[in-house]
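Let me begin by presenting the structure, written as structure tokens, before commenting on it.
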Amino acid sequence: MATLVRETGSLELAEDAVGEAFVEAATRWRRDGPPDSPGAWLLTTARRRVIDRVRRDRRFAVRMPLLAAEWPPPTRIQLRDDQLALIAGCVHPAINGEAQVALTLRYVCGLTTEQIARAFLVPTETMKKRLTRAKKKIAEAGIPFEVPEPGRIGERLGSICGVIYAVFSEGYASTAGTALIRGSLCDEAVWLSALLSELVPDDSEVHGLAALVLLTDARRYARIDADGLPVLLEDQDRGRWDREKIDRGLHHLRRAVTLPGAGPYQLLASIAALHAEAPSVEETPWLSIADLYNALIELHDTAVLRLNRAAALSWVEGPAVGLELMEELAGELAGYSYYHSARASLLARSGRTTLAVEAYRTAINTCANTAEIEWMRRRVAELEPRSP
């Protein structure tokens with residue numbers, strides 16, 4: 001797909017040709033057996049399909065000499081550049097963020113339109129129109145699928161990392177729907193971040209992102225109980241954390257710290273590493289985590305980062321300190337469910353159960369995820385008998 005996009009300059013033409021090549025492979029390989037070089041066979045077959053289309057469409061006639069040439073399979077370096085160019089085109093600044101995520105999942109990860117629609121809880125027809133509009137924008141604006149100039153690669157990498165992290169965040173803590181975790185999106189983000197670290201091996205933030213995704217996703221199966229409801233960090237069975245992912249994440253983090261520039265992904269990965277290596281919540285180095293949040297706030301001050309710092313400090317200095325810091329954020333985070341549930345947790349730890357119940361009810365009213373709502377309702381039921 002990446003190679004054909006480079007050669008044709010058209011997402012739609014490349015997509016159709018690749019689809020037809022796979023259909024032919026499904027028939028021919030079943031009958032004759034797979035070829036010695038399946039990738040080369042698919043690329044050659046797809047090129048032939050493109051040539052057939054080009055002959056019928058004058059718009060692409062200029063591409064004919066390139067496509068008709070006897071091209072060898074792309075080298076590893078060419079394939080790397082083609083893949084990076086495809087990702088960079090999907091996150092071009094002229095395309096809005098929502099469409100960037102959809103295009104990346106469709107054309108880089110290979111998810112179907114139906115799968116992407118299910119992941120983001122929209123009708124398939126809505127997602128189809130979203131992708132169609134994005135492809136039309138690409139064609140009309142002449143958005144190139146090419147590796148950005150060396151001086152601008154860092155600028156585009158920020159967008160690429162942002163899209164990958166958005167995919168992971170929606171999979172790891174779904175903002176809406178019935179499931180807390182959407183594993184397929186987590187898996188795609190893990191794969192994408194690993195691919196990006198291979199394509200751009202000397203960028204600290206790229207390795208920081210890969211580390212962050214792996215170290216966080218390592219806790220995936222301990223985060224929900226048998227009913228699919230959330231399990232808080234302090235209650236998780238750390239024996240269920242994925243040590244292989246933790247080791248891979250730490251490897252990326254060690255690589256990141258050897259490269260210049262400590263950005264937000266590297267700092268967030270460092271926090272995730274401290275959690276991953278702590279034997280229990282009580283033995284977690286919370287002061288170090290609070291210091292890392294301070295460093296993040298210096299880079300980009302947000303209310304959510306301050307909320308996380310307050311939660312970290314509450315484990316060191318007590319829930320009263322955490323609550324005091326959270327009160328300063330009430331206005332900015334009034335509609336943020338996690339703010340109210342974090343306050344509720346600290347209020348409950350302080351023995352202020354009536355206020356904790358009120359905070360959980362506010363969190364329920366601002367939450368769109370069914371699993372989290374059910375967990376908070378059960379928590380309210382546990383606390384209410386103890387309320388004055």
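None of the figures in this text is laboratory data; all of them are computed from the coordinates on show. Everything numeric here is computed off the predicted structure, so don't read it as measured data. Cβ atoms come from the backbone with ideal geometry, glycine included; neighbour counts cover every protein chain shown.
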> How far is helix 337-349 tilted off the main Cα axis of the chain, in degrees rounded to 10, range 0 to 90?
Replying inline: 30
> Which length gain, in nm to one decimal place, applies between LYS129 and ARG240 when the Cα-Cα distance is subtracted from 0.36 nm times their residue separation?
Replying inline: 35.9 nm
>> So for each of 207-214, 23-30 I average, over its residues, the number of other beta carbons within 10 Å; can you give me the resulting order with the highest mean first?
In response: 207-214, 23-30
> lysines within cross-link reach of LYS137: Cα-Cα under 30 Å, excluding same-chain residues under 8 positions apart?
Replying inline: LYS128, LYS129
>> Give the separation of the Cα centroids, segment 290-363 to segment 85-103, in Å.
In response: 34
>> With Rg and Dmax of the Cα atoms in Å as the read-out, I listed (i) 24.2, 82; (ii) 20.5, 59; (iii) 29.1, 95; which label goes with the value calculated from this structure?
In response: (i)
> When the helices in the chain are scored as -39500 (n - 2.57) per DSSP H run of 4 or longer and the sum is shared across all residues, what 222 nm value do you end up with, to the nearest 500 deg cm²/dmol?
Replying inline: -21500 deg cm²/dmol
> PRO260: net charge of surrounding residues, Cβ under 10 Å, Lys/Arg +1, Asp/Glu -1, itself excluded?
Replying inline: -2
> Pairing the Cα long axis of helix 204-217 with the longest principal axis of the chain, what angle in degrees results, from 0 to 90 and rounded to the nearest 10?
Replying inline: 60
> Using r as the Cβ-Cβ distance of ALA179 and VAL23, and R0 as 41 Å, what FRET efficiency do you calculate, to the nearest 0.05?
Replying inline: 0.80
>> Given contacts defined as C-alpha pairs under 8 Å and at least six residues apart, what's the relative contact order of the chain, whole-number percent?
In response: 11
> Assuming a viscosity of 1.567 mPa s and a temperature of 4 °C, what translational diffusion coefficient in µm² per second does Stokes-Einstein assign to segment 329-376, Rh being the Kirkwood radius over Cα pairs?
Replying inline: 123
>> Output the 0 to 90 degree angle, nearest 10, between the alpha-carbon long axis of helix 370-383 and the longest principal axis computed from the alpha carbons of the chain.
In response: 10
> Based on the Cβ-Cβ distance from GLU327 to GLU283, what FRET efficiency comes out when R0 is 41 Å, to the nearest 0.05?
Replying inline: 0.90
>> Can you tell me which of SER159, SER350, SER193 moves the most in a GNM of the chain? Springs connect C-alpha atoms under 10 Å apart.
In response: SER350
